[in-house]
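Here is the structure we will look at, set down as structure tokens.
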Amino acid sequence: MREFKSIMLAAVATAVVTGVAAAAELPADIRQNGLRIAVVPNYPPMEFKDPATATLTGFDVELGEALAKKLGVKAVWQETSFDQLMPGLATQRFDVILTGMTDYKSRQETATFIDYLRSGPRFFVQAARAAEFKEPAALCGKKVGASRRTMFPKDIAAWSEKNCGTSPIAFVGTEGSADARTQLKQGRIDAAVQGNETLPYIMDLEPNTYVPVGTPIALQYTGLATPVKAEELREALRGALEVMIADGSYKALLTKWKLGDNGIEKVLINAGE
């Protein structure tokens, strides 16, 4: 046991040294003015406005604050719309994007992703109809809704083609996950799909309303997006996240926001497909 503790202490010490070195590699303007982080606060529990105080909160917000602290700079949050994230990164209106963004191969031409979470789209139904949908196969031939602005439609189609044969899922595009849940409660669709990282939070907000069906139907990575050429910044952030994984603060955030099943063991770069 003593030997194990010594190994762990050595690993943490090494990670701390790595993080300090990474901080020194930050571009001068960030060291002076802080890390400008783009966020779209409408995706709980990742990022949202606290209803009582209207302040930013969520896993991503606390992660961003912690990373900035590890690097010895201030986190400067810049709220924007989703469609302005990539253009804003390209024109340097902010330094990074940290807002529950999925790392897709198609986005890697514009940004390089430091992947810090794994997730996947998951079916869920109204609790009142749980007995009808004990297995995902029961959804074949049914109406399933999900945000049309995500890759969920493609994931649902691939799952349906593989599992449903001549009775495919009838996909219904929605204006977002909240719209999908509304249509589900109205009975306009039989099931909905959203990222499994969000379901525990939503189920806590609306007890006895939804029931997950099966396991995630695809693997995705959520990434902190940096400009492709921002190598110094990327290495600094990677080092800071490695420190958080080693010292347990990353795991503590996962536990606080009920994301224990979504954590990663090591930092990944552009792991999305």
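No other residue among P216, P200, P212 is assigned to a loop (DSSP other than H, G, I, E, B) and not aliphatic (A, V, I, L, M) apart from P216. Select from the range 78-90 the residues that are surrounded by fewer than 18 Cβ atoms within 10 Å (Cβ to Cβ) and of a type in the set (A, V, I, L, M, F, W, C) and write down the one among them that is nearest to S147 (Cα to Cα). Top of the filtered list is F82.
Matching residues to (1) under 23 Å from I264 (Cβ atoms); (2) surrounded by fewer than 14 Cβ atoms within 10 Å (Cβ to Cβ):
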| residue | (1), (2) |
| --- | --- |
| V76 | no, no |
| L98 | yes, no |
| S106 | yes, yes |
| T112 | yes, no |
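Would a scan of the range 207-217 turn up a residue that is touching a Lys or Arg at 6+ places or on another chain (Cβ under 9 Å) and under 20 Å from M101 (Cα atoms)? The answer is yes; a qualifying residue exists. The residue list R93, R129 contains one member that is open to solvent by 40 Å² or more (accessible area, probe 1.4 Å) and either among the β-branched types (V, I, T) or outside any helix (DSSP H, G or I) (or both), which is R93. One residue stands out in the range 198-215 among those that are at pLDDT below 95 and buried (at least 16 other Cβ atoms within 10 Å of the Cβ): the one that is nearest to the chain's Cα centre (by Cα), namely T198.
Number of residues in the range 91-102 that are more than 13 Å from T150 (Cβ to Cβ) and in contact (Cβ under 8 Å) with a residue 12 or more places away in the chain equals 8.
A158 meets each of the listed conditions (1) more than 19 Å from T209 (Cβ to Cβ); (2) in a helix (DSSP H, G or I); (3) modelled with pLDDT under 95 apart from (3). Checked against (1) farther than 30 Å from V76 by Cβ; (2) among the acidic types (D, E); (3) part of a strand (DSSP E or B), D115 passes all but condition (1). Tallying residues that are open to solvent by 10 Å² or more (accessible area, probe 1.4 Å) and in a strand (DSSP E or B) within the range 167-180 yields 4. With respect to the stated conditions, L139 is open to solvent by less than 30 Å² (accessible area, probe 1.4 Å), more than 23 Å from P207 (Cβ to Cβ) and over 22 Å from the mean Cα position of the chain (by Cα).
Every test in (1) within 17 Å of the chain's Cα centre (by Cα); (2) over 22 Å from G58 (Cβ atoms); (3) in contact (Cβ under 8 Å) with a residue 24 or more places away in the chain is passed by R234 save one, and that test is (1). With the condition kept exactly as written, say whether any residue in the range 181-196 is touching a residue at least 40 places away in the same chain (Cβ under 8 Å), part of a helix (DSSP H, G or I) and either of a type in the set (A, V, I, L, M, F, W, C) or surrounded by fewer than 16 Cβ atoms within 10 Å (Cβ to Cβ) (or both). There is at least one residue in the range 181-196 that is touching a residue at least 40 places away in the same chain (Cβ under 8 Å), part of a helix (DSSP H, G or I) and either of a type in the set (A, V, I, L, M, F, W, C) or surrounded by fewer than 16 Cβ atoms within 10 Å (Cβ to Cβ) (or both).
The values are calculated or read from the model by the stated rules, or taken from the named source; none is laboratory data. Bear in mind the structure is a predicted one, so any value in this text is a computation, not a measurement. Methodologically, a virtual Cβ is constructed for each residue, glycine included, from the backbone with ideal geometry; neighbour enumeration extends over all protein chains shown. We work out accessible area using only protein heavy atoms, side chains counted, and drop any ligands, DNA or RNA first. Shrake-Rupley method; radii C 1.70, N 1.55, O 1.52, S 1.80 Å.
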